[in-house]
Amino acid sequence: MERKKIPYQKTIFVCVNKREDGRPSCAHSLEGGSELCKALKESVKAAGLKGKIRVASSGCLDLCAQGPNLFIYPDGVWKSRVGLADIPQILSELGIC
Ligand code: FES
């Protein structure tokens, strides 16, 4: 095993979990976790932050009825009911732009 320094300043973990059994999931709220994750990746790239900010899809974060959910490491910030319209604010709050 190799021990390495984290290569990104911050990582945004976005729940993309999708349930087919009728229970709430981030995939079925607002525009959906997958769409949010994809749009965040595109926005990070467009802002020139690729390599500094990593957007990673996540499995269930256990607040399914409040989705789409994301959290930002190492900031300790959690956001629920996140929509595509929230992306500019999320990026500005990273303090890197
Ligand atoms: S489905 Fe996203 S938190 Fe559970």
Legend entry - Nearest-ten-degree value, helix 33-46 long axis tilted from longest Cα axis of the chain: 20 degrees
Legend entry - Violating pairs (Cα-Cα greater than 21 angstrom) within the set K18/K79; K18/K52; K18/K50; K4/K38: K18/K52; K18/K50; K4/K38
Legend entry - Burial ordering of C37, C60, C15, C26, fewest other beta-carbon atoms within 10 Å first: C60, C37, C15, C26
Inset, instruction - Could you size up the charge dipole of segment 13-93 around its Cα centre, putting +1 on the beta carbon of Lys and Arg and -1 on that of Asp and Glu, and report it in debye to the nearest 20? - result: 260 debye
Legend entry - Extended-chain gain in nm, criterion 0.36 nm per residue less alpha-carbon gap, Y73 and E35: 11.6 nm
Legend entry - Sites Q66 and E20, calculated FRET efficiency, Cβ-Cβ separation with R0 25 Å, nearest 0.05: 0.80
Inset, instruction - Among the aspartates and glutamates, select those whose C-alpha is under 13 Å from the C-alpha of K10, and discard any that sit fewer than 8 residues away in the same chain. - result: D75, E93
Legend entry - Per-residue [θ]222 nm for the chain (sum of -39500 (n - 2.57) over DSSP H runs n ≥ 4, rounded to 500): -6500 deg cm²/dmol
Legend entry - Relative contact order of the chain, pairs being alpha-carbon contacts under 8 Å that are 6 or more residues apart, as %: 35 percent
Inset, instruction - Over the alpha-carbon set of segment 13-93, divide Rg by the Kirkwood Rh and report the Rg/Rh ratio to two decimals. - result: 0.96
Inset, instruction - Mind putting a number on the dipole of segment 10-57 about its Cα centre? Charges go on the C-beta only, +1 for Lys and Arg and -1 for Asp and Glu, and I need it in Debye to the nearest 20. - result: 360 debye
Inset, instruction - Springs between alpha-carbon atoms under 10 Å, Gaussian network over the chain: tell me which of R81, R54, R19 tops the mean-square fluctuations. - result: R19
Inset, instruction - Give me the percent of DSSP beta bridges within the chain that run antiparallel, rounded to the nearest 5. - result: 50 percent
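Readers should treat all values here as calculations from the given coordinates under stated rules, not as data from a laboratory. Keep in mind that this is a model prediction, so the values were computed, not measured. With ideal geometry, Cβ positions are generated from the backbone for all residues, glycine too; neighbour counts draw on all protein chains shown.
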